[in-house]
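Before any comments, here is the structure.
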């Protein structure tokens with residue numbers, strides 16, 4: 001036997017939950033499968049751009065009520081120098097755990113069926129549709145599927161290589177000491193160090209999110225040790241050393257992920273049938289840009305409209321090529337340790353370079 005639906009959504013993050021909400025709002029019977037049984041943290045910078053905030057608010061989320069912290073400034077730090085500029089748009093910092101739960105509730109409130117703790121093993125073509133094969137339980141067949149598994153690939157629908165594939169991501173919520181909490185205030189900081197870069201920004205309740213990327217070879221040279229990586233980062237930047245000197249981790253250990261295909265853009269015509277890739281399954285922008293959530297929400301809205309209006313031409317990531325191209329150029333620059341000091345010096349002389357970089361990697365609504 002097979003269960004039936006109009007649409008299947010695989011993944012309960014921003015892209016999947018928002019797609020389920022919009023599909024249900026349009027009167028479609030939609031089933032969302034989320035492999036985790038309960039709310040959980042994910043490796044993410046937790047920066048909510050103005051575009052992402054508008055999409056979230058359109059779905060009924062009250063960001064300040066959820067604990068979102070306004071972000072007004074961006075700082076670029078390398079060694080003992082920093083450059084700062086106001087963001088050219090309003091933004092927020094918000095826990096992904098909180099946001100994802102709110103989005104899943106929004107989808108359920110609109111009539112979507114959310115099945116937690118259920119893993120989709122594969123998506124198989126069926127007559128005029130697609131079937132979700134589950135690790136346990138009855139398969140579900142639908143006219144279309146929306147693949148929103150974020151940075152994790154579904155075995156039967158793996159992405160291709162990105163332009164940068166050798167990075168490991170870490171994330172840890174921390175409590176900074178009082179002076180450093182005040183110093184961080186309403187800012188997002190991008191901190192460059194040999195072998196990678198880190199992002200630091202405030203969260204509600206006096207917490208902060210430390211999220212970083214390090215090249216695999218650099219991490220190997222550090223003995224694949226998180227304490228050694230922190231020490232390496234602190235040694236390279238007195239400013240970061242001050243930030244984390246009195247830092248208290250709020251989790252037993254950081255979250256980690258590897259093999260992220262930064263710069264990947266899904267191409268049309270891959271023969272995947274009635275399947276729409278969303279978010280990081282469609283296009284992967286470097287994390288320092290802070291617009292991964294914007295692409296997730298924007299692509300979900302586009303894909304739902306694409307399907308609801310009867311379009312059947314392939315759906316790909318061309319809409320994000322310009323932003324990702326700009327981001328990859330910036331990524332190569334910050335990935336060159338010899339350029340770190342010069343980058344900060346240039347941004348100190350011309351803060352418009354910081355604001356221009358922030359604007360150039362945004363998704364146009």
Completion exercise
Stretched fully, the stretch from residue 97 through residue 72 gains (0.36 nm per residue minus C-alpha distance, one decimal, in nm) 6.8 nm
Fill in the blank from the handout: Asserting the computed 222 nm helical MRE of the chain (DSSP H runs at least 4 long, -39500 (n - 2.57) per run, divided by residue count, to nearest 500) equals -9500 deg cm²/dmol
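Return the ratio Rg/(2.2 N^0.38 Å) for the chain, where Rg is computed over Cα atoms only.
On the way: Rg = 20.4 Å, N = 365, 2.2 N^0.38 = 20.7 Å.
Computed over Cα atoms of the chain, the ratio equals 0.98.
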Handout entry: C-alpha center-to-center spacing [segment 84-115, segment 10-49] in angstrom
Key = 9
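Using the number of other C-beta atoms within 10 angstrom as an exposure proxy, rank 359, 95, 236 with the fewest first. Don't skip to the end; give the middle numbers.
Details: 359 13, 95 23, 236 20.
The most exposed by this proxy come first: 359, 236, 95.
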Fill in the blank from the handout: The alpha-carbon center of segment 216-290 and that of segment 131-174 are separated, in whole Å, by 17
Practice task
Taking the Cβ of each residue in 131, 149, 138 as the centre, tally the other Cβ atoms inside 10 Å and list the residues starting with the fewest.
Solution key: 138, 131, 149
Handout entry: Gaussian network model of the chain, springs between alpha carbon atoms under 10 Å - residue of 28, 75, 182 with greatest fluctuation
Key = 182
Problem - q = 0.22, 0.29 Å⁻¹, segment 192-253: log10 I(q)/I(0) [Debye, one scatterer per Cα] - result: -0.98, -1.44
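Could you work out how much longer the chain between residue 204 and residue 333 gets when fully extended? Use 0.36 nm per residue separation minus the Cα distance between them, nm to one decimal.
Values: separation 129, 0.36 × 129 = 46.44 nm, distance 3.21 nm.
Length gained between residue 204 and residue 333: 43.2 nm.
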Handout entry: Cα-based helix-to-principal-axis angle, 321-334 vs the chain, degrees rounded to 10
Key = 30
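Take every DSSP beta bridge with both residues inside segment 1-119 and express the antiparallel ones as a percent of the total, to the nearest 5. Could you put the intermediate results ahead of the total?
Details: 11 of 19 bridges.
About 60 percent, rounded to the nearest 5.
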Practice task
Name the most mobile residue of 164, 34, 46, meaning the one with the largest mean-square fluctuation, in a Gaussian network model of the chain with Cα contacts below 10 Å.
Solution key: 164
Completion exercise
FRET efficiency (residue 346, residue 54; Cβ distance; R0 41 Å; to 0.05) is 0.85
Exercise for the section: Tell me the Kirkwood hydrodynamic radius of segment 134-189 in angstroms, computed as one over the mean inverse distance between distinct C-alpha pairs. Expected result: 16.7
Problem - segment 183-302 - percent relative contact order, Cα under 8 Å, separation 6 or more - result: 14
Fill in the blank from the handout: Helix 226-236 sits off the longest principal axis of the Cα atoms of the chain, rounded to the nearest 10 on a 0 to 90 degree scale, by 50
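Please arrange 216, 171 by counting, for each residue, the other beta carbons lying within 10 Å of its beta carbon, fewest first.
Working: 216 15, 171 21.
Exposure proxy ranking, most exposed first: 216, 171.
Stretched out fully, how many nm does the piece from residue 116 to residue 253 gain, at 0.36 nm a residue minus the Cα gap? Can you show the working numbers first?
Details: separation 137, 0.36 × 137 = 49.32 nm, distance 2.48 nm.
That pair, residue 116 and residue 253, stretches by 46.8 nm at full extension.
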Practice task
Calculate how steeply helix 14-25 sits against the longest principal axis of the alpha-carbon atoms of the chain, using the helix alpha-carbon long axis, and give the answer as 0 to 90 degrees to the nearest 10.
Solution key: 40
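As a test, work out the antiparallel percent of DSSP beta bridges whose residues both lie in the chain, rounded to the nearest 5.
Values: 50 of 73 bridges.
Roughly 70 percent of the beta bridges in the chain run antiparallel, per DSSP.
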Fill in the blank from the handout: Across 345, 65, 19, the residue with the highest GNM fluctuation in the chain (Cα network, 10 Å cutoff) is 65
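Values quoted throughout were computed directly from the atomic coordinates according to the rules given, and no laboratory measurement underlies them. Remember, it's a predicted structure, so these values are computed and weren't measured experimentally. Positions of Cβ are generated from backbone atoms using ideal geometry, with glycine treated the same way; all protein chains shown enter the neighbour counts.
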